[in-house]
Amino acid sequence: MKKALIILPTYNEAGNIKTLIEKIFHQQEKLDKWSLEILVNDSQSTDETAKIVKQLQKKYQKLYLIETKKQGLGKAYYEGFLFAKENIKPYVVFEMDADLSHNPKNISQMLKEIENGADLVIGSRYIKGGSIPKNWGLHRKILSFFGNLIIRIGFMNLKIHDWTSGYRTIKFWILNNSLEHIKNYSGYVFQIALLDFAIKSKANIKEIPINFVDRKYGQSKIFFLQYIFSIFLYILKFSSFVKFVIVGVIGFIVDFGLMYLFINKIKIPSSKTWFAQAIAAETAIINNFLLNNFWSFQYKKLKNNLFFGFLKFNFISLGSILIQTFGLQIAVNIFGQQYWAISKIFIIILIIIPYSYIFYNHFVWKK
Ligand SMILES: Nc1nc2c(ncn2[C@@H]2O[C@H](COP(=O)(O)OP(=O)(O)OP(=O)(O)O)[C@@H](O)[C@H]2O)c(=O)[nH]1
Ligand SMILES: [Mg+2]
């Protein structure tokens with residue numbers, strides 16, 4: 001039997017914790033390949049949460065409790081992972097809220113996905129069959145939905161629908177490798193940091209639908225403005241896509257700046273404009289290649305095969321010049337020449353950016 005450890009971070013969950021622990025252990029009946037264990041990490045609850053868990057420990061041998069300082073959800077999980085590594089050595093770990101928002105009935109389904117080869121399973125509210133509470137106020141629905149959308153676009157990873165779900169199961173090797181990375185994220189943003197790390201580690205990720213229900217007892221601990229702000233910061237720091245777009249803008253400035261220098265300052269003869277453009281374009285290409293290699297895609301940067309990668313990069317850039325040239329001609333033929341600038345912007349956003357991003361990822365910086 002493999003160990004599946006459910007970590008429950010708690011802060012004032014006295015109204016929920018007993019029911020939840022009983023429900024989780026009840027799921028054991030459905031499982032013959034897995035042994036369920038529970039670790040509660042209570043952060044100085046001012047109610048009876050810890051006391052209730054201690055009572056239950058008399059009945060359940062596989063129920064652990066650690067008591068830590070209150071330092072946010074991420075920190076609570078991080079400490080839970082460290083404890084698990086030393087003392088429990090599970091094969092998979094579940095993250096689950098302790099407020100009965102997550103239904104323990106999904107445990108067996110999630111473990112099935114692990115058996116079928118997934119490394120990380122997300123209980124997802126935003127895929128077919130999943131749901132958020134109907135009674136959530138509009139602002140909460142909007143925050144949750146758009147928060148997810150921003151993350152999906154920010155990371156340009158549309159395959160994953162629910163980045164912020166707190167119901168997941170994760171093979172322990174991923175957690176173990178991620179410890180150095182996630183220990184910097186003590187709040188709710190830690191969920192995003194962990195998923196981002198798993199994706200970059202090429203983990204096989206699977207989503208199953210869950211019906212998220214509102215807590216009945218106790219209070220919400222989340223502070224949305226701070227949460228959204230830290231999500232933005234995280235994306236800025238770690239999204240290859242955002243960095244790739246920034247590099248694109250820098251490349252544009254280099255290209256434009258050099259042209260300006262050659263034509264307006266050095267005043268090269270007009271018959272040599274092609275030469276200025278060739279130098280400017282290739283300098284921008286070199287600039288973009290280096291910035292992308294050492295910054296945007298640094299987690300899979302090329303080392304020995306830098307030159308070959310650079311050749312491929314040039315080839316892709318040539319493709320994007322051709323697309324722009326012909327695309328713009330077609331657009332001008334259709335909409336008229338007075339719309340050249342807006343047409344160019346649309347071609348860049350709708351065609352050039354996806355084209356380059358996909359080709360960079362699959363031909364130059366493939367892992
Ligand atoms: N140990 C510990 N647990 C925490 C901390 N903050 C939140 N939690 C727990 O983390 C889980 C999720 O927190 P919630 O407040 O329910 O956040 P949420 O589920 O996003 O929002 P609501 O369900 O609307 O309250 C719950 O089990 C909380 O008790 C913390 O600082 N330390
Ligand atoms: Mg909750």
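The values are calculated or read from the model by the stated rules, or taken from the named source; none is laboratory data. Model, not experiment: these values are computed from the prediction. Cβ coordinates were reconstructed from backbone atoms using ideal geometry, including for glycine residues, and neighbour counts include every protein chain displayed.
When the helices (runs of 4 or more DSSP H) confined to segment 264-367 are screened for residues that are more than 36 Å from the chain's Cα centre (by Cα), those reaching at least 1 such residues are found at 273-291, 306-335, 340-347.
Taking the listed residues GLY117, GLY123, GLY129, GLY166, the one that is among the small types (Gly, Ala, Ser) and over 28 Å from LEU82 (Cβ atoms) is GLY129, with no other qualifying. If the condition is being away from ligand 1 (no atom under 16 Å from the Cβ), of a type outside the set (Phe, Trp, Tyr) and in a helix (DSSP H, G or I), then segment 222-245 contributes LEU233, ILE235, LEU236, LYS237, SER240, VAL242, LYS243, VAL245. SER296 meets all of the listed conditions (1) farther than 19 Å from LYS367 by Cβ; (2) surrounded by 14 or more Cβ atoms within 10 Å (Cβ to Cβ) but one, namely (1). Highlighted here are the strands (runs of 3 or more DSSP E) found entirely within segment 30-129 that include at least 3 residues which are within 25 Å of the chain's Cα centre (by Cα) and either away from ligand 1 (no atom under 15 Å from the Cβ) or of a type in the set (Ser, Thr, Tyr) (or both): 120-124. In segment 62-85, the count of residues that are in contact with a strand residue (DSSP E or B) (Cβ under 7 Å, 6 or more places away or on another chain), of a type in the set (Asp, Glu) and under 23 Å from ILE114 (Cβ atoms) is zero. When SER178 is tested against (1) loosely packed, with under 13 Cβ neighbours inside 10 Å; (2) under 23 Å from ILE6 (Cβ atoms); (3) modelled with pLDDT of 90 or more, only condition (1) is not met.
So how many residues does segment 198-222 have that are surrounded by fewer than 19 Cβ atoms within 10 Å (Cβ to Cβ), closer than 19 Å to ASP97 by Cα and among the charged types (D, E, K, R)? Residues that pass the stated criteria total 4. Filtered by the rule that a residue be touching a helix residue (DSSP H, G or I) at 6+ places or on another chain (Cβ under 7 Å) and over 24 Å from TYR188 (Cβ atoms), segment 11-32 gives LYS18, GLN27, LYS30, LEU31. Looking only at residues of segment 174-192 that are touching a residue at least 40 places away in the same chain (Cβ under 8 Å) and not in a loop (DSSP other than H, G, I, E, B), we find that the one that is farthest from LEU236 (Cα to Cα) is ASN176.
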